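Everything below concerns the one structure shown next.
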Amino acid sequence: MTNHTPLLAADAACPASRSLWQLGWQRLRRDRIGLAALWVVAAFVLLALAGWLGLAGSHWRHEVAKPNTPPALFKHYGPATVELTAADIDAAQQHHTSTADASAATGMSAEDDPLAADMAAAQAAAAKTAPASTAVPPHDGSLVCGSDSRGRDVLQKVIQGTATSLLVGLSGALLAMLIGTVLGALSGYFGRRVDDLLMWFYSVFTSVPDMLLLLAFSAVMSRGIDTVIMVMALTSWTGTYRLMRAEFMKHKCREYVQAADAIGASHRSRMFRHILPNVTHLLLVQFSLLTVALIKYEAILSFLGFGVGVTQTSWGAMLAEAPAELLQGYWWQMAAVTLCMSLLVTAFSMLTDSLRDALDPKVQ
Amino acid sequence: MMKKRMLVAAITALFTMAAQAADMNKVLRVAFNVPETGFDPAKVSDTYSGAIIENVFDPLVSYDYLARPAKVIPNTTVALPAVSADGRVYTFKLKPGIYFAADPVFKGQKRELTAADYAYAIKRHLDPTINSPWSFLVDGRFVGADTLVKAAGKGALNYDSPVEGIKALDKYTLQLTLTEGNYNFLQILAMPAFGAVAREAIEAYASNTNAKPVGTGPYTLKEWKPGSKIVLEANPNFRKLVLNGQTLPKVGRVEVSIIEEEQPLWLAFINKQLDISGIPQAALQEALVIDPKNPLNVKLQPKYAKQGIQLERKKDLEVTYQFFNMQDPVVGGSAKEKIALRRAIAMAFPRSETIAAIRRGQAVPMNYVIPEGVAGHNPAFKGAVKYDPAAANALLDRFGYKVGANGLRTLPDGKPLSIEMATGTSGIEKQWNEYWQQAFDSLKIQLTFKYGKWNELNKANRQNKLQMWNLAWGADYPDGENFMQLLYSKNAGDANSASFRHAEYDRLFEASLKLQDGAERNRLYDAMNKIVVAQQPWIFGDTRIRSSLAHSYVKNFKLHPLLNTTWRYIDIQK
Amino acid sequence: MFAYILRRLWQMVPTLFGVMLLLFVLFNWVGGDPSYILAGKSFSADTLANIRHQLGLDQSLPQQFLIFVRQVLTLDFGISWSTQQPVAEILASRIGPSLTLALPMLLVSLLLSVIIAAIVAYVRGSLTDRIVTLICTLAMSVSALVYIIAGQYWLAHKLGWFPILGWSDSLATNLWYYIPLPLLLGLVVSLAPDIRFYRSCFIEEMGHDYVRTARAKGLSERTIMLKHVMRNALIPVVTSLMMSLPYLFLGALLLERFFGIPGMGNEVLNAVDRSDFPVIKAITIYVALATMLFNLLADIVYKLIDPRVQLK
């Protein structure tokens, strides 16, 4: 998944880290594409935030329209299939019974039922309260993105899916980076035994096919966002590890680190206060690469049945419904997700490119 | 119709020397959507392997292709067996001149089918080293077999030591003696698992009997790529079998592909890469015009009808149900408040909606433990509770399942209430789970899902670790006993997955075993169903109606309620 | 060099051991109990015990691990627990189709992506470069799943340009009839990231001092590009190529499932689904071995391309 890491690390003559960031920001501001991409990504993050806070897309589980209503603009392009309802099934059953011999209909009688009295009371109580109004769903044919097989608003689903997928992508990447950076730092900084052990660990993980790890991890954990994040982090930390190990190896021999050693800085301080800031720009690039990869990874995971549970939705979960829908001619859910995902991923990739250029110390 | 059938029977009974009827240039292309496992009748039990086994091996008796309801007819025997007055001794007379398919183990000799082959095949299901998945059908059934099994211990069965209950009297006569009368015995013997095998073939291929099926059936296994492709070829040694004046089988080669995804399966059929196919759930509405007034009244979409595609339908002999683990401290037990909890969950589940949305109307609600088409079914019995979430909530209120501060119900003693439902991970299971979530939400009961593969969940259930799980049971043979035993206490933890234990039910079940299908037994079954409805170990699901399609050039296309496949009857005229 | 190879081979032993340990722990923990599949829908505790005994599941874990070690040493993984076919035969029949799809995909993808990447790197910053980069970025942003679903639906079904799915015994038929669509879809998925990655490699190299020196010497741009930049930029190309080779054995799971290609990817999924531990063990060990060997090969190729690289 993460083969394409920028192994060709910058060989900077160690400028002060702040100036690199400032310089980077200046360069990024001049890069119109990069800036536009940044805005798009920011917009998505805002949307996702709104999703997490319940400000948008929180009604995605509500059945607001008839199943599989086409988007408003394409009202006449949807297939003209008649969707069955529960009432149809009930009516057909009634019909079936009456054509048979209604008088012969039997079942459990009151004396057979230990709960007979309670059932009668409960039914009476239920009848007293407001009659269950199964009102016809309000908007028909006015949904911007149409509705899914259960009559849920695809737009709401996409917003909620954006929230989930971004959360999964960002936190998965963050966690993977955390694992990779800590292990990589230990390995590169201390070398010797620690390095041997961690390198062994690394080669074991990279030698076992991703898919097996994935299937195995998913099998033990329950379904949910946390599981997806864990599974992703556990299978994609290796790229960062490799990168950080190389960087820490390189940097620990540099004068500034040796100087820190001379003034008595602890190992931890040297690793994380001195070296780490000098490699953060690489981590940033790595982070955005990973996020993009994980957002796409989630789609495949969901398709294989390892996605989020029924009370959550994600782009992957929505795409997993796509083959069945496409067969029936319901293309809009797939289109909506693909469009959204494509926009975000493209923006993210372009931002990554711009960041890489902006933060490359060699580019003048 | 009746006349024709008798004529058919008469002609089938006439045997002549085997004659190759099949046209080797005709290829029938079909697909399975689940990978098969192997073709040793005593080792596998999945439907897909069974479909192949059915075509390679010959059971003693089989089903009439055309008769409905399904009717057992002689297959390799001259007539149906003579049964002793007490219903325990069955004597079968084999047709002479039936030969196994040619195989190197026979060293070029023609190998005739004998009664000993059937005796051997049946004994294999008892062999402790084989672990037949069908052993539950034969265990304790034959006189003297238990001592033989015990003598074997963990080792192989001694096939040479005589068993009173499974005896070849002479070359063509097989005598089976049961420990007690059983009205379903012939239907059990009609299962593909009890087809004749040649002992020398089994022994020669001992290490890999799954890949080397040698039988007397209409087809032989030509090629097998596990999980991807199975090729059958007409068996030139097949006995003469005639239907409507045509010698069977007609098609020389059957190619089975394994296609697990719905989209390619359906598109492959539409694009004529397959000749016969079921309709995947997603394509049902694309393929069929379903009448909302009566969803079972369907016809092909005009675009497909125009192509001459043929539609055949059959109601599966199955029930689907969501069971509660009756031994579980939360959902199990027979106390009133436990029954109320189960009842409320059943009442909150929008079954008709799932039939409309998930089954696309292609199922009927289940109202009796025995499905339609199986002896003992009572169409007038309405066992399922009415969908009424409001009353369900009121019922829970009455029994003290109070709504707590967090908006979720607690147990009557104030402890938190959370129910776990076992489920697989497929897309269709997710669709069901959405409805279950909806049902539990409407009851304000917390629901969690336990995801797992089928074998893991089965293991967990046997260890009494599940609370709820959805299962389907398909008929092994079309008799009510096969279904009513699903709640018999002696099968608890096994076929009785709900671990339902009810003394009165057991008493009625044991009484029903002694009766033949008829009004008296039906009365007992009704009484048992009332117990099930009252105690609610199951939430009744539905019975599916399957649609199969064939292209216009496929002739004699017809589904059978019990036979897995009808390939031997099919012809292709392009 | 020889000593280096020997040492690297020796270092594979602990890694392989780690892989075995990880696999063993994972699948004893989560792999599921196959005896519950084999036993059928209704069975006794005795039957279950018998099956567990025959599969060796009733032995202690250390004993089972020892059996695993023996299997790895002899590379004989016995028979599948599900179909009872020899594991070696199953894998042998699966590897062909996987490679039939993966090798052409790798070659075409490599060739196209290196050429396109070199061209756009050469004209860095031009309109062509921007358009190609944009197309690649856009192409990368769509899920592989969408390409496959939509590609099969429209290209094969609606337009009828390709068969929906299928596989034959003849390599030629597979190559000209069944492979093209999955190959095309696979390329769409893999080409874009490759072009982007290789482009950045080339650009990286072009920024080095030696290129400037070469220019200053008056060498033609062509010579610089082909003799200097290409040669050095090939190092990361080779690395990424070698790293991706082991995955060829696993194949493209989704492509195989949708296009009926009887390859390795689907086999893994089915084996996990059926708790078919012998098959899982065999595939994992072979993939692990391949990964390690190709890594070594990558390092050796490194050395051959760039003599400055020190093999440690």
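Points worth noting:
- For segment B:205-342, with +1 on Lys and Arg beta carbons and -1 on Asp and Glu, the positive-most of B:Gly245, B:Trp266, B:Pro295 along the dipole: B:Gly245
- With the convex hull of the Cα atoms taken as the outline of segment B:139-216, the averaged projected area works out to 6.2 nm².
- Peptide C:114-124, shielding by other chains (average Cβ, 10 Å cutoff): 0
- For segment C:88-305, the Cβ-based charge dipole about the Cα centre amounts to some 740 debye (Lys, Arg positive; Asp, Glu negative; other atoms uncharged).
- This ranking places B:Glu504, B:Glu36 by how few other beta-carbon atoms lie within 10 Å of each, fewest first, which gives B:Glu504, B:Glu36.
- Euclidean distance between Cα centres, segment A:52-75 to segment B:187-261, Å: 52 Å
- Rounded tilt (10° steps) of B:47-56 against the dominant C-alpha axis of chain B: 10 degrees
- The H on the amide N of B:Leu300, modeled in the peptide plane, is under 5 Å from the matching H of B:Val289, each at least 5 residues off or on a different chain.
- Helix content alone sets the calculated 222 nm mean residue ellipticity of the protein assembly as shown: runs of n ≥ 4 DSSP H residues at -39500 (n - 2.57) each, divided across all residues, give -15500 deg cm²/dmol.
- Order by protection proxy (mean Cβ within 10 Å, highest first), peptides C:136-149, B:323-336, A:44-57: C:136-149, B:323-336, A:44-57
- Packing, taken as the mean count of other beta carbons within 10 Å per residue, orders the peptides C:124-130, B:442-448 from highest to lowest as B:442-448, C:124-130.
- Under a model in which nothing but the beta-carbon of Lys, Arg (+1) and Asp, Glu (-1) is charged, the protein assembly as shown shows a dipole of about 2320 debye around its Cα centre.
- Helix C:180-206 axis, angle to chain C major axis (alpha carbon atoms, nearest 10°): 50 degrees
- Look at the stretch C:256-266: the mean tally of other chain Cβ atoms within 10 Å of its residues' Cβ atoms is 4.
- Residue-count net charge about B:Pro371 - beta-carbon cut-off 9 Å; Lys, Arg +1, Asp, Glu -1: -2
- Remark: relative contact order (chain C) = 27 percent; criterion is Cα-Cα distance under 8 angstrom and separation of 6 or more residues.
- Taken about its Cα centre, chain B carries a charge dipole of about 1000 debye when Lys and Arg each add +1 at the Cβ and Asp and Glu each add -1 at the Cβ.
- Per-residue average of Cβ from other chains inside 10 Å of B:354-367: 4
- Cα centroid of segment C:2-39 to Cα centroid of segment B:410-424, whole Å: 40 Å
- Rg/Rh ratio calculated on Cα atoms of segment C:171-312 (Kirkwood radius): 1.11
- Segment B:291-343: translational diffusion in µm²/s, Stokes-Einstein, Kirkwood Rh over Cα pairs, 4 °C, 1.567 mPa s: 83 µm²/s
- Calculated SAXS-style log₁₀ I(q)/I(0) at q = 0.13, 0.17, 0.18, 0.26 Å⁻¹ - segment B:201-260, Debye, Cα scatterers: -0.43, -0.68, -0.74, -1.07
- Ordering A:Cys253, C:Cys201 from the fewest to the most neighbouring beta carbons within 10 Å gives A:Cys253, C:Cys201.
- Relative contact order computed over chain B (Cα-Cα under 8 Å; 6+ residues apart), in percent: 18 percent
- At most 16 other Cβ within 10 Å, DSSP loop - trypsin sites (Lys or Arg not before Pro), segment C:202-263: C:Lys217
- In degrees, nearest ten, helix C:230-250 long axis to first principal axis of chain C (Cα): 20 degrees
- Reducing segment B:508-540 and segment A:307-364 to their Cα centroids gives an inter-centroid distance of 55 Å.
- Semi-axes of the equivalent ellipsoid for segment C:2-74, computed as √(5λ) from the eigenvalues of its C-alpha gyration tensor and ordered from largest down, come to 36, 11, 9 Å.
- Percent of C-alpha pairs per 10 Å bin, chain B, short to long: 3, 16, 25, 26, 19, 9, 2, 0, 0
- Counting neighbouring Cβ atoms within 10 Å and putting the fewest first, the residues B:Lys303, A:Lys157, B:Lys530, A:Lys250 line up as B:Lys303, A:Lys250, B:Lys530, A:Lys157.
- When the Cα positions of B:Val149, C:Ser220, A:Gly191 are compared along the charge dipole of the protein assembly as shown, C:Ser220 comes out farthest toward the positive end, with charges on each C-beta of Lys, Arg, Asp and Glu.
The numbers here are math on the coordinates, done by the rules we state, and not lab data. Keep in mind the model is a prediction, meaning the values are calculated, not measured. Cβ: placed from backbone, ideal geometry, glycine included. Neighbour counts: every protein chain shown.
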